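Following: one structure in structure tokens, then a few remarks.
The values are calculated or read from the model by the stated rules, or taken from the named source; none is laboratory data. Since the structure is predicted, the reported quantities are computational estimates derived from the model, not experimental observations. So basically every Cβ, Gly included, is an ideal-geometry build from the backbone, and we count neighbours across all protein chains shown. Only protein heavy atoms, including side chains, enter the accessible area calculation; ligands, DNA and RNA are left aside. Shrake-Rupley method; radii C 1.70, N 1.55, O 1.52, S 1.80 Å.
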Amino acid sequence: QPDTATQPLAQITTTAGGLPKRRRKSPVSAVPSADAGPVRSNEETASRLGAFQRGTRSGRDTTTTEGPEFQ
């Protein structure tokens, strides 16, 4: 049963299975706002992605003695 004490009856809706539907309290935008932060150059973005790729590659290349295959 939905908690009717905290919500007006006009806002309580249910799904086809009888579960209460939730409503967002404020709208959510999929588009970032104009003040989302500094704009990076293409070169800086490429440098950061390259560093990420090198880091993940080095993490995969290291050998470790931990894990189920060595027990």
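For ALA51 and THR15 in the same chain, what is the full-extension length gain: residue separation times 0.36 nm, less their Cα-Cα distance, in nm? Let's see the in-between values first.
Values: separation 36, 0.36 × 36 = 12.96 nm, distance 4.64 nm.
Computed gain between ALA51 and THR15 is 8.3 nm.
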* Quick one: how many Å² of THR14 are accessible to a 1.4 Å probe, rounded to 10? -> 70
* Asked: Once phi is turned into θ = phi - 60°, what whole-Hz ³J(HN,Hα) does the Karplus curve with 6.51, -1.76 and 1.60 give for every residue of region 25-31, x standing for Gly and Pro?
  -> 7, 9, x, 10, 9, 7, 9
* To do: For GLU44 paired with VAL28, estimate the spin-label separation in nm (one decimal), with each label point 7 Å from Cα along the Cα-to-Cβ line.
  => 2.9
